[in-house]
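Just below is one structure, and these are the notes that go with it.
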Amino acid sequence: MSEVLDLPIPEQAACVARGEISALALTERALGRMEAHGGLHAFLYVAREAALAAAAAVDQKRARGEPLGKLCGVPIAIKDALCTRDAPTTCASKLLTRRNASGTAGSDADSGWRPPYDATVVARLRAADAVLVGKTNMDEFAMGSSGENSAFGPMLNPWDSTRTAGGSSGGSAVAVAAGMAAGSLGSDTGGSIRQPAALCGVVGVKPSYGRVSRYGLVAFASSLDQVGPFARDARSAARLLEVISGADGHDSTCADLPVGAYEAACDKPVKGLRIGIPEEYFGAGLDPAVASSVRAAISALESEGCSVHPVALPHTRHGIATYYIVATAEASSNLARFDGVRFGLRLEPPRSNLETMYGKTRNAGFGAEVKRRILLGTYVLSSGYYDAYYRKAQKTRTLIKQDFDRAFETVDAIAAPTSPSPAFKFGDKGSDPLAMYLADIYTLPASLAGIAGLSVPCAMTRANDSQPALPVGLQLLAPAFEEERLFTLAAAVERLTAPNGPARPPLG
Ligand code: GLN
């Protein structure tokens with residue numbers, strides 16, 4: 001029998017519903033793989049007991065003949081930035097991790113902050129009878145593009161363990177790529193779902209701003225943050241998005257708009273769709289193998305009846321500067337709550353009032369990148385610099401959004417690379433924050449504009465002496481709340497570029 005855990009999510013749920021495999025057996029399989037591939041460090045917390053109990057409950061529900069949810073028995077992993085009432089939530093930060101008596105942090109996040117409630121997206125997964133198998137590793141407070149900012153050590157790329165998995169939701173991408181979970185949730189503020197999805201060879205969706213509730217997502221930059229799914233194929237990601245989307249009384253920024261038929265959209269023909277190609281996304285700095293793979297995927301769509309048109313997004317070059325002003329400003333405000341009094345566990349009591357005043361205990365728990373962002377954000381918001389930086393960034397953000405508005409007057413979707421390069425080596429960019437920020441060059445503008453985005457694997461690079469074959473992601477963008485178009489196109493890309501199903505990393 002083929003491995004149920006490797007089937008698309010709708011088929012896994014159907015197998016459980018028909019009784020071809022028990023939820024318990026499927027969960028045990030996932031937990032087994034999580035243990036076997038523990039070296040990839042995708043998980044900060046394995047929810048073994050809770051997962052087995054949830055799976056047993058699904059099996060009992062079935063035995064009683066009760067109706068089963070759309071994700072019945074399906075093993076799902078959750079980024080550690082999302083609140084879970086039965087598992088710690090640490091954002092991969094020592095600040096949210098309990099210390100032992102000597103004041104040193106534990107080696108994993110097992111002793112982290114326990115939220116008293118579930119994030120809305122987590123509650124919706126549970127209500128759909130999903131089995132939550134663990135909390136995934138990430139860059140601390142979702143700040144980073146490689147996973148190297150996790151306070152507990154980075155996650156490894158399953159295609160080549162000397163390379164990063166991308167970030168910040170790297171653990172959620174690895175969990176899916178390595179088959180440890182059927183799907184996962186991440187958060188995307190400037191690319192944190194799309195970029196690791198591209199680098200790990202899975203589908204990752206950044207929904208439109210307001211599509212999915214952020215209630216219970218630890219806030220990084222509130223005008224940008226979105227929760228979204230990872231899965232091995234578009235249809236599976238579509239089912240997850242259908243479950244987690246929609247209005248939420250706990251989050252007034254979540255739009256009260258009908259949830260699209262994302263899964264059904266995967267079966268629609270692409271014929272007649274107009275695809276925009278922004279030349280700004282194909283300029284200097286783009287790896288030639290990524291460029292040719294992305295162009296080949298676009299030609300394949302053309303052969304299916306899409307029309308291809310150049311579009312101009314002239315303010316793209318301001319994306320990085322704009323994002324790193326807006327995001328750090330918002331982060332400096334959002335992270336003020338981690339003061340060791342309201343949130344944050346103190347490393348040790350301050351030795352003097354002066355130390356308290358200067359925040360000694362508070363700073364003890366943040367890593368270097370988080371501190372850098374708080375400093376930068378505080379600086380751009382300070383009275384002498386507000387107009388020079390923050391106000392200007394807000395204006396530029398509007399120009400970036402208007403670029404997309406104009407482009408979408410003539411095309412239905414935009415196609416471009418997700419990341420300028422395939423997975424890069426550990427340490428390659430880690431010592432240079434600016435080089436790291438460049439990794440987000442193609443993902444930031446869509447976040448600033450609040451539109452819908454998705455990354456779908458479209459090719460593997462050719463292996464050579466210095467690197468094995470690595471996945472390449474195609475980024476698809478659509479106007480806000482037009483996620484259905486993304487799924488129609490992504491499913492076509494899969495059929496055209498990987499007719500035998502998604503490529504699998506060479507794991508033992
Ligand atoms: N890599 C970007 C950053 O470091 C985006 C992170 C994200 O989307 N959470 O801010």
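None of the figures in this text is laboratory data; all of them are computed from the coordinates on show. Since this is a predicted model, take the numbers as computed values, not measurements. Quick reminder, even Gly has a Cβ in these numbers, built from the backbone with ideal geometry, and neighbours come from all protein chains shown.
Rounded to a whole number, what is D in µm²/s for the chain from Stokes-Einstein with the Kirkwood radius over alpha-carbon pairs (20 °C, 1.002 mPa s)?
95 µm²/s
Excluding residues on the same chain fewer than 8 positions from residue 94, give the lysines whose Cα lies under 30 Å from its Cα.
Within the straight-line limit of under 30 Å, residue 94 reaches these lysines: 79, 135, 206, 360, 371, 425, 429.
Using a cut-off of 19 Å between alpha-carbon atoms, which aspartates and glutamates can reach residue 271, once sequence neighbours fewer than 8 places away in the same chain are excluded?
Answer for residue 271, where 19 Å is the Cα cut-off: 263, 302, 304, 409, 412, 482, 483, 484, 494, listed by chain and number.
Under a point spin-label approximation (7 Å from Cα along Cα-to-Cβ), what is the residue 161-residue 312 distance to one decimal in nm?
About 5.1 nm, to one decimal.
Around residue 316, under 11 Å between beta carbons, what's the net of Lys plus Arg minus Asp minus Glu among the other residues?
For residues surrounding residue 316, the net value is -2.
FRET efficiency for residue 495 and residue 398, Cβ-Cβ distance as r, R0 = 45 Å, nearest 0.05?
According to the calculation, E is roughly 0.75.
Take the alpha carbon gyration tensor of segment 411-460, find the square roots of its eigenvalues, order them as a ≥ b ≥ c, and report rounded if a/c is under 1.5; if not, report prolate when a/b exceeds b/c, else oblate.
oblate
Please say if segment 358-508 is rounded, prolate or oblate, where rounded means a/c under 1.5 for a ≥ b ≥ c the square roots of the C-alpha gyration tensor eigenvalues, and otherwise the choice is prolate for a/b larger than b/c and oblate otherwise?
Oblate shape, in that a/c is at least 1.5 and b/c is the bigger or equal ratio.
Say each of residue 339 and residue 261 gets a label point 7 Å from the Cα, pointing the same way as Cα to Cβ; how far apart are those two points in nm?
Rounded to a tenth, the inter-label distance reads 5.2 nm.
Return the percentage of antiparallel bridges among DSSP beta bridges fully within the chain, rounded to the nearest 5 %.
Percent antiparallel among DSSP bridges in the chain is about 70.
Taking the Cβ of residue 164 as the center, what net charge do the other residues with Cβ under 13 Å away carry, scoring Lys and Arg +1 and Asp and Glu -1?
-1
Need one number: nm distance between label points at residue 282 and residue 383, each 7 Å from Cα along Cα→Cβ, rounded to one decimal.
Label at residue 282, label at residue 383, 5.1 nm between them.
Note the full-extension length gain between residue 321 and residue 35 as 0.36 nm times their separation in residues minus their Cα-Cα distance, in nm to one decimal.
98.9 nm
What is the sum of charges around residue 122, taking Lys and Arg as +1, Asp and Glu as -1, for the other residues whose C-beta is under 11 Å from the C-beta of residue 122?
Summing Lys/Arg as +1 and Asp/Glu as -1 gives +3.
Express in nm, to one decimal, how much length is gained between residue 49 and residue 438 on full extension, taking 0.36 nm for each residue of separation and deducting their alpha carbon distance.
Going from the current span to full extension adds 135.9 nm.
Is it possible to state the helix-based mean residue ellipticity at 222 nm for the chain, with each DSSP H run of 4+ residues giving -39500 (n - 2.57), the sum divided by total residues, to the nearest 500 deg cm²/dmol? What is it?
Theoretical 222 nm ellipticity from helices: -10000 deg cm²/dmol.
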